[in-house]
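Heads up: the structure comes next, in structure tokens.
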């Protein structure tokens, strides 16, 4: 993150450059966030925390069950959110599990899904990749109207770059063939400039899928470093460590204002950019992240004088 701090209004410049501020608000206008079934059980009201129609991704991690995910999907739909259940190929025990997951989610009010390979080392059943799931034809059959797939601006520790490129081309082709919109949701990063460069690279190679940039919500630096190492985003670990210096050691907190500024600038400078929005990983807590993102989306922030970050008014 460029600005390794949770800013306060006292440190900020009251003058807000209209164009940049507007670009930030537009970038956050349709932000999404994810929640685990365990986190969801501790949220009293999603409607009280998030704008109506917010996409809330429901995780499906190894060891989790479909029957833990579906009640969260139903609750989110009931509270006016757009539930986006994770469908993790390697976590599915059998075709019947996939059928149960997709049909159950549709019955509970979901019309979108995040389709990923999943974190398991080896498949628990017949599916190993996103394309294995897309090839079943179930998403078309059941009337899913939009899908989301993983984007890897820092690569993947488990997948060679050439294979990632082939998979991205296949996902573009699938969306074009079926007419179902597909959006890339990236692994989280602290480096908005790097993510912007990756967007330009894959666009030049033929990508036409819009991109939702994955960012960590406000959290302690210790938590962010731990999650970054777990998720294999080694470049971001180095970026965070280099950017923090003595201030990071003293304060120990980080917010994603720096990368948001970099992404907003990338969109301003390049009308052809496929960056469409931000997806938040709430490593510092769901309620805290929702409040911070909502404030930025409403324009309740003040840019620093040097435009390296901004203070959020929560």
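The values are calculated or read from the model by the stated rules, or taken from the named source; none is laboratory data. These numbers were taken from a predicted model, which means no experiment stands behind them. Here Cβ is always computed from backbone atoms with ideal geometry, including for glycine, and neighbour counts include all displayed protein chains.
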- Inside region 152-169, can you point out the residues that are surrounded by 20 or more Cβ atoms within 10 Å (Cβ to Cβ) and under 13 Å from residue 205 (Cβ atoms)? 168
- So which residues in region 38-88 are farther than 29 Å from residue 314 by Cα, in contact with a strand residue (DSSP E or B) (Cβ under 7 Å, 6 or more places away or on another chain) and part of a helix (DSSP H, G or I), if there are any at all? 69
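Identify, please: which residue in region 139-150 is crowded, with 19+ Cβ neighbours inside 10 Å and touching a helix residue (DSSP H, G or I) at 6+ places or on another chain (Cβ under 9 Å) and is, among those, nearest to residue 188 (Cα to Cα)?
Our first condition is that a residue be crowded, with 19+ Cβ neighbours inside 10 Å; within region 139-150, this holds for 139, 144, 147-150.
Retained after the next criterion (residues that are touching a helix residue (DSSP H, G or I) at 6+ places or on another chain (Cβ under 9 Å)): 139, 144, 147, 149-150.
Details: 139: 26, 144: 25, 147: 19, 149: 14, 150: 11 Å.
Here the answer is 150.
Going by the structure shown, is residue 46 modelled with pLDDT of 95 or more and crowded, with 20+ Cβ neighbours inside 10 Å? Outline the logic, then answer.
Numbers: modelled with pLDDT of 95 or more: yes; crowded, with 20+ Cβ neighbours inside 10 Å: yes.
Considered against the rule, which asks whether it is modelled with pLDDT of 95 or more and crowded, with 20+ Cβ neighbours inside 10 Å, residue 46 comes out as yes.
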- Restricting to strands (runs of 3 or more DSSP E) lying wholly in region 252-314: which have 2 or more residues that are touching a strand residue (DSSP E or B) at 6+ places or on another chain (Cβ under 7 Å) and over 30 Å from residue 207 (Cα atoms)? 301-303, 310-312
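Kindly provide the set of residues from region 181-201 that are at pLDDT 95 or above, assigned to a helix (DSSP H, G or I) and under 18 Å from the mean Cα position of the chain (by Cα), ordered by number.
From region 181-201, those at pLDDT 95 or above are 181-186, 195-201; that's our starting set.
Retained after the next criterion (residues that are assigned to a helix (DSSP H, G or I)): 195-201.
The answer is 195, 196, 197, 198, 199.
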- Message: Any residue at all in region 170-193 that's more than 15 Å from residue 275 (Cα to Cα), crowded, with 21+ Cβ neighbours inside 10 Å and touching a strand residue (DSSP E or B) at 6+ places or on another chain (Cβ under 6 Å)?
- Response: yes
- Please give the helices (runs of 4 or more DSSP H) falling wholly within region 90-161 in which 2 or more residues are farther than 15 Å from residue 174 by Cβ and out of contact with any strand residue (DSSP E or B) (no Cβ under 9 Å at 6 or more places or on another chain). 95-107
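State yes or no: is residue 266 crowded, with 20+ Cβ neighbours inside 10 Å, in contact (Cβ under 8 Å) with a residue 24 or more places away in the chain and out of contact with any helix residue (DSSP H, G or I) (no Cβ under 6 Å at 6 or more places or on another chain)?
Values: crowded, with 20+ Cβ neighbours inside 10 Å: yes; in contact (Cβ under 8 Å) with a residue 24 or more places away in the chain: yes; out of contact with any helix residue (DSSP H, G or I) (no Cβ under 6 Å at 6 or more places or on another chain): no.
It is false that residue 266 is crowded, with 20+ Cβ neighbours inside 10 Å, in contact (Cβ under 8 Å) with a residue 24 or more places away in the chain and out of contact with any helix residue (DSSP H, G or I) (no Cβ under 6 Å at 6 or more places or on another chain).
Results for (1) without any contact (Cβ under 8 Å) to a residue 40 or more places away in the chain; (2) touching a helix residue (DSSP H, G or I) at 6+ places or on another chain (Cβ under 8 Å), shown as yes or no for each residue.
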residue: 156; (1), (2): no, yes
residue: 162; (1), (2): yes, no
residue: 171; (1), (2): no, yes
residue: 177; (1), (2): yes, no
residue: 185; (1), (2): no, no
residue: 191; (1), (2): no, yes
residue: 194; (1), (2): no, yes
